[in-house]
1. Looking for whichever is surrounded by fewer than 24 Cβ atoms within 10 Å (Cβ to Cβ), in contact with a strand residue (DSSP E or B) (Cβ under 9 Å, 6 or more places away or on another chain) and on the phi > 0 side of the Ramachandran plot here; the options are 259, 243, 214, 218. Which one fits?
2. Filter region 436-456 down to residues that are within 27 Å of the chain's Cα centre (by Cα), assigned to a loop (DSSP other than H, G, I, E, B) and surrounded by fewer than 16 Cβ atoms within 10 Å (Cβ to Cβ) and give me whichever is modelled with the lowest pLDDT.
3. In the set 160, 225, which member is under 23 Å from the mean Cα position of the chain (by Cα), buried (at least 23 other Cβ atoms within 10 Å of the Cβ), more than 30 Å from residue 280 (Cβ to Cβ) and in contact (Cβ under 8 Å) with a residue 12 or more places away in the chain?
4. Counting only residues that are surrounded by fewer than 23 Cβ atoms within 10 Å (Cβ to Cβ), touching a strand residue (DSSP E or B) at 6+ places or on another chain (Cβ under 8 Å) and more than 17 Å from residue 134 (Cβ to Cβ), how many does region 537-563 have?
5. Can residue 266 be described as more than 12 Å from residue 206 (Cβ to Cβ), touching a residue at least 60 places away in the same chain (Cβ under 8 Å) and part of a loop (DSSP other than H, G, I, E, B)?
6. Name the single residue that is surrounded by the most Cβ atoms within 10 Å (Cβ to Cβ) among those in region 378-398 being assigned to a helix (DSSP H, G or I) and in contact (Cβ under 8 Å) with a residue 60 or more places away in the chain.
């Protein structure tokens, strides 16, 4: 039998050519560095981070697809994801390969042709669906040095080889049978990988974890609810902290110059505020943390006590804005409570908080000095009584804006986001905890649409002036992410299946394409061989569609796929 060396030397040209090709492929796949992540927003040829940059602006400087030629945009390819669950994910585009996370698999796709290169299945417990609050899906991944990092709905963290799909290491983060799950993309921040946790409706205690990128060893854990005796514990009623919620279920942002990570926390557990008592830190808060240690540097609580499931987990977009005659490093959030916040991200100072939802009746405004909401009489009553009569609250638990991320155009200094215009009826009652069951402390009487029947909108927002520049009213809210480009376009998707492009200056709808299922994915744009492409995942099966009773969504079929578009000659 020939030795490997003998076989190699029998055909040197073929063997050396193969070895060289493999070496070049490996080098290309692993060329991605922290500097590449830092430059993601400024290098539009690829998409290496969730949010298209650590600041999550979801903006591209590409302009080959623009207002003048958008009508020539056509499908380049479509790939089935072979499932009917929610495709609310953002692909990554690295080295001519697209990577997509689903709840049950990770897929690598040839970006030029749409051909599947590999598919790595994820084994999940048969009973997992019985322990999930709000949908079966995965929102995306992180990547560095040839490795993909992703979470799973049964609360595990995976490192996956980018070239082969092989799992390099796997860590259990929490016990799914206690109500914990994970659907978000991890965040690479320096030499630390950071993850959050879902499960705020199940009597869980929220936290953030820092992990070693190479080995998967846990570096630190920071709980988002203080234990008795810790700073902030005085803001809770006794013996409530361990089931108090404050989940961290959406991906944070990272400022490498300030060396701070910004992460939002969710609702209190139970939803009933009087049961928890007081402000209940750090629910519904924006946290600035040191990624090396997990230490909280500063916090800002958007909804103290949180009476209405107004998570502050929505994306925290970083930018520089002209405020008060100078340029300020800011953090922006269109919060579920209906107010658009602008904070100084160096210290957490509130710079402004303006209402963007059309109807808000839980608060009359945000006090600019204290940063606290000004409660209406309804909210004062709800806060004071464990049991209370039914009330009609605007916005509903869906929020004035839900999780679907906004885009920020740094040249125009404006944000674009999808809104929800729905109220809810709730009656508060004494809660009872049962492991694996919802822990709310209220009866949800249903959701209420507005008088004009327009349940949503797409808004262009001036964060300096704190007011809308234009608003497109919609019969059903759009549950997709938003992408804006230097071509003067705003891309998003409808729950009825249309992928849409709007004029960034006027809000006029310029183009649409029916994808065959509702869109709750996060569009990206990228460049290959001199041509600009736009990609979005289609396939909607989420909590709004299940619970809202929206008459426009009764006949939308399921089925997840990836659509990529380009200009036709």
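The values are calculated or read from the model by the stated rules, or taken from the named source; none is laboratory data. Everything numeric in this text was worked out from a predicted model, so none of it was measured. Cβ atoms come from the backbone with ideal geometry, glycine included; neighbour counts cover every protein chain shown.
1. It is 259.
2. So the residue we want is 436.
3. 160
4. Looking only at that region, the number is 2.
5. no
6. That would be 382.
Per-residue answers, yes or no, for (1) surrounded by fewer than 22 Cβ atoms within 10 Å (Cβ to Cβ); (2) under 30 Å from residue 494 (Cα atoms):
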position	(1), (2)
373	no, no
376	yes, no
400	no, yes
416	no, yes
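Residue-wise test of (1) assigned to a strand (DSSP E or B); (2) modelled with pLDDT of 95 or more.
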{"site": "63", "(1), (2)": "no, yes"}
{"site": "67", "(1), (2)": "no, yes"}
{"site": "75", "(1), (2)": "yes, yes"}
{"site": "98", "(1), (2)": "yes, yes"}
{"site": "130", "(1), (2)": "no, no"}
